[in-house]
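One structure below.
The values are calculated or read from the model by the stated rules, or taken from the named source; none is laboratory data. Keep in mind that this is a model prediction, so the values were computed, not measured. Please note: Cβ atoms are built from the backbone with ideal geometry, for glycine as well, and neighbour counts cover all protein chains shown. Ligands, DNA and RNA are excluded from the accessible area calculation, which covers all protein heavy atoms including side chains. Shrake-Rupley method; radii C 1.70, N 1.55, O 1.52, S 1.80 Å.
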Amino acid sequence: MLLTGGSGLIGRALATRWRALGGEVVELAHKPRPDALTWHPESGQFPAKALEGVEVVVHLAGETIGQRWSSSSKKRIHDSRVQSTRLLAEHIAALPVAQRPRIFISASAIGYYGFKRTEVVDETAAPGTGFLMDVCCAWEAAATPATTAGVRTAFPRFGIVLARQGGVIEQLLKVFNAGMAGPAGPGTQRVSWISLVDAVEALIFVIQHETLHGPVNFVSPQVCTNREVVDLMAKLLNKSAKTPAPAFALKLMFGEMATETILSDLAVKPRRLQEAGFVWRQETLEAALRHELIG
């Protein structure tokens, strides 16, 4: 496996799981490391031998979404995804047919559907509106050289990934420990999520199932609300969650990012995983949070 984003939450877990299954992992990293190859998508730098003998390419790298969005940070978020995906896809397509990987997995996100939809959406839904939608559309389109070359290409559209060491749960734990926890905004906004365990298992499932290509929603079948997440965490941690964060305060602190992430209201269905027979290890919110918070 050739892996980008190996130092991130999902990348670390995937590399560990793939090696446990007996596979080899070669990482592409921006910063030179003795155990990784170096690349710089912004300047088109790509190690010549990176794809030699590689059957699986998993691309998870990208600038973090979790920051206040200025014009410069928006450009970094967009370009880090689009430039890197295009560079990988072009190098994959340039290989002789017999040497091309059998699958290219290029990450995407449920931000493709926008940040507020009244209806439940699956992979057949049209894109929504907003900055993240623009990024996701460009991100997926950047893989076109690989798809045109006939390489099976899949776009896991990740929902919120629940893990103690990173992402939303790590941030909420800080708020709980400060005694300031409560629902964000109205708390009624729907949250489409997946446990870290299931995110990794779903990636492996897509690799192994030849029928899966194109967009695949990486979410649990169980959609919950923001309030349900916070209340269940409070119950498991035996802490209070009675200090709500008003929407206006979140928007003042985080700007547009708060509207499209913290306050987003999306119910996303994992139709393609369900139809392919994927079995969730942590299908319910309680199972996922209990695993991460208690073990």
_Can you tell me how many residues within the stretch 159-200 are part of a helix (DSSP H, G or I) and surrounded by fewer than 17 Cβ atoms within 10 Å (Cβ to Cβ)?_
4
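Yes or no, residue by residue, for (1) of a type outside the set (Lys, Arg); (2) within 22 Å of residue 121 (Cα to Cα); (3) without any contact (Cβ under 8 Å) to a residue 40 or more places away in the chain:
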residue	(1), (2), (3)
150	yes, no, no
154	yes, yes, no
215	yes, yes, no
229	yes, yes, no
232	yes, no, no
248	yes, no, yes
*Scan (1) farther than 30 Å from residue 267 by Cβ; (2) open to solvent by less than 40 Å² (accessible area, probe 1.4 Å); (3) in contact with an Asp or Glu (Cβ under 7 Å, 6 or more places away or on another chain) for the single condition residue 46 breaks and write down its number.*
(3)
*Only one residue in 294, 262 is open to solvent by 40 Å² or more (accessible area, probe 1.4 Å), of a type in the set (A, V, I, L, M) and modelled with pLDDT under 95, so which one is that?*
294
*Do we have residue 235 as out of contact with any strand residue (DSSP E or B) (no Cβ under 9 Å at 6 or more places or on another chain), among the basic types (Lys, Arg), more than 28 Å from residue 136 (Cα to Cα) and open to solvent by 70 Å² or more (accessible area, probe 1.4 Å) here?*
yes
*Look through the stretch 49-58, keep the residues that are assigned to a loop (DSSP other than H, G, I, E, B) and either β-branched (Val, Ile, Thr) or open to solvent by 20 Å² or more (accessible area, probe 1.4 Å) (or both), and return whichever of them is nearest to residue 154 (Cα to Cα).*
55
*Scan the stretch 140-158 for residues that are open to solvent by 20 Å² or more (accessible area, probe 1.4 Å) and part of a helix (DSSP H, G or I) and jot them down.*
140, 141, 144, 145, 147, 148
*Could you please find all residues in the stretch 270-291 being surrounded by 19 or more Cβ atoms within 10 Å (Cβ to Cβ) and touching an Asp or Glu at 6+ places or on another chain (Cβ under 7 Å)?*
272, 280, 282, 285
*Please identify the pairs in which a residue from the stretch 116-134 that is open to solvent by 40 Å² or more (accessible area, probe 1.4 Å) has its Cβ atom under 6 Å from the Cβ atom of a residue that is not acidic (Asp, Glu), counting only partners at least 6 apart or on another chain.*
120/267; 120/269; 127/112; 127/133; 127/137; 129/114
*Of all residues in the stretch 1-22, count the ones that are in a loop (DSSP other than H, G, I, E, B) and touching a helix residue (DSSP H, G or I) at 6+ places or on another chain (Cβ under 9 Å).*
4
